[in-house]
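Q: Pasting in a structure now, in structure tokens, and then I'll have a few things to ask.
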Amino acid sequence: ADPINDVEQEVKEWARLKKMEIDDLKKQEKFRRDFLSNISHEFKTPLFAIQGYIEALQDDDLEDKDLAHQFLNKASKNVDRLSYLIKDLDEISKLESGEIPINYTKFRINDLVKEVMDSLEFKASQHNIKMIFKQKYDEGIFVNADRQKIQQVLVNLIDNSFKYGKDGGSTAISIFTLHDQVLVEVTDDGIGIEEKFLPRLFERFFRTDTSRSRQIGGSGLGLAIVKHIIEAHQQTINVRSTEGLGSTFGFTLQKAKQSLPFPNIPALKS
Ligand code: ADP
């Protein structure tokens, strides 16, 4: 054995680990910087718009009541956009800090899907989109999950299917049972997503550069929230899409064991 060589190896190994640590910290730092610059950018757009409409309304020459009304409406839409952004930011930071734990309960996934569909019925009609529930088992399948958070996942995915859907099109929600999981899919026949964007779709603030997503201007956080919730359940989410034809977002859930009608029969002593 060569003690000098051993020490040299140890020092090299130590330096390698330190370098990895530093690289990791640098990456985190860059991530934080990007996140903050994204947030300020996202806030600027609606704020500047509101400022513009207020200035126009302050203009003494503005006598056209209809125009004034339109400006107020537009300012109000931008205020809504800021509120959504704050709500989503609050949600994602809570999720990421682990502040809101996953609260598992056993419930029928079919019931939850129906509930969410009912709550979105009016919005669907505003977009002229028909919702279709494709279920094989009427009685419903039990899953083990955080009901409220999965409700949010469904709302975000179905809401996206309206935003990026087709006028007069449809959104199908399907439930499939796998071995010990349930697969829930939300399928639209809308604008679809270019293949090159698919791997980045669930990143915070990521939007495909179609004019449609810029125009619609959501928070860009909906899918990041969805992914977070599903991964916190140790389940998976994925997307497949064909540009111009539509997209399918699918996520899995843990199937719950159906309880027996008399679960507490004590074992007989032999
Ligand atoms: P946003 O608030 O922009 O909708 P999301 O995180 O929900 O943010 O979605 C990110 C981006 O993914 C959207 O801006 C859009 O470009 C794309 N996207 C999401 N859902 C769909 C869909 N069903 N069809 C086509 N594109 C979609």
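Q: Do we have any residue at all in region 86-102 that's basic (Lys, Arg), modelled with pLDDT under 95 and either within 17 Å of the chain's Cα centre (by Cα) or closer than 30 Å to ILE39 by Cα (or both)?
A: Yes, the conditions are met somewhere in region 86-102.
Q: Given the structure, is GLY140 over 19 Å from the mean Cα position of the chain (by Cα), away from the ligand (no atom under 14 Å from the Cβ), at positive phi and surrounded by 15 or more Cβ atoms within 10 Å (Cβ to Cβ)?
A: Spelling it out, GLY140 is indeed over 19 Å from the mean Cα position of the chain (by Cα), away from the ligand (no atom under 14 Å from the Cβ), at positive phi and surrounded by 15 or more Cβ atoms within 10 Å (Cβ to Cβ).
Q: From the list ASP66, ASP2, ASP111, pick out the single residue that is under 31 Å from the mean Cα position of the chain (by Cα) and open to solvent by 60 Å² or more (accessible area, probe 1.4 Å).
A: ASP111
Q: Hey, another quick one. Given the structure, is SER161 polar (S, T, N, Q), open to solvent by 10 Å² or more (accessible area, probe 1.4 Å) and within 16 Å of the ligand (Cβ to nearest atom)?
A: no
Q: In region 230-245, what residues are in contact with a strand residue (DSSP E or B) (Cβ under 9 Å, 6 or more places away or on another chain) and more than 7 Å from the ligand (Cβ to nearest atom)?
A: Scanning region 230-245 gives ILE230, GLU231, HIS233, GLN234, GLN235, THR236, ILE237, ASN238, VAL239, ARG240.
Q: Quick one: in region 97-147, of everything that is in a loop (DSSP other than H, G, I, E, B) and among the aromatic types (Phe, Trp, Tyr), which residue is farthest from GLU185 (Cα to Cα)?
A: Per the stated criteria, the residue is TYR104.
Q: While we're on this one: Does PHE122 fit the bill of being aromatic (Phe, Trp, Tyr) and open to solvent by 60 Å² or more (accessible area, probe 1.4 Å)?
A: It is true that PHE122 is aromatic (Phe, Trp, Tyr) and open to solvent by 60 Å² or more (accessible area, probe 1.4 Å).
Q: Restricted to region 172-195, and to residues that are within 15 Å of the ligand (Cβ to nearest atom) and under 10 Å from THR252 (Cα atoms), which residue is surrounded by the most Cβ atoms within 10 Å (Cβ to Cβ)?
A: Taking the candidates together, the pick is VAL184.
Q: Going by the structure shown, is SER93 of a type outside the set (Val, Ile, Thr), under 30 Å from SER40 (Cβ atoms), free of Cβ contacts under 8 Å to residues at least 24 places away in the same chain and open to solvent by 30 Å² or more (accessible area, probe 1.4 Å)?
A: The answer is yes for SER93.
Q: Given the condition under 30 Å from LEU82 (Cβ atoms) and among the charged types (D, E, K, R), answer yes or no: does some residue in region 35-45 qualify?
A: Yes, because at least one residue in region 35-45 is under 30 Å from LEU82 (Cβ atoms) and among the charged types (D, E, K, R).
Q: List every residue pair whose Cβ atoms sit under 6 Å apart, with the two residues 6 or more apart in sequence or on different chains, where the first one lies in region 196-212 and is near the ligand (Cβ under 7 Å from one of its atoms) and the second, anywhere, is open to solvent by 60 Å² or more (accessible area, probe 1.4 Å) and at pLDDT 85 or above.
A: Within 6 Å, the pairs are PHE206/ARG200.
The values are calculated or read from the model by the stated rules, or taken from the named source; none is laboratory data. On a predicted model such as this, the values are computed, not experimentally measured, just so you know. Backbone-built Cβ (ideal geometry, glycine too); neighbour counts: all protein chains shown. The area values use the complete protein model at the heavy-atom level, side chains included, leaving out ligands, DNA and RNA. Shrake-Rupley method; radii C 1.70, N 1.55, O 1.52, S 1.80 Å.
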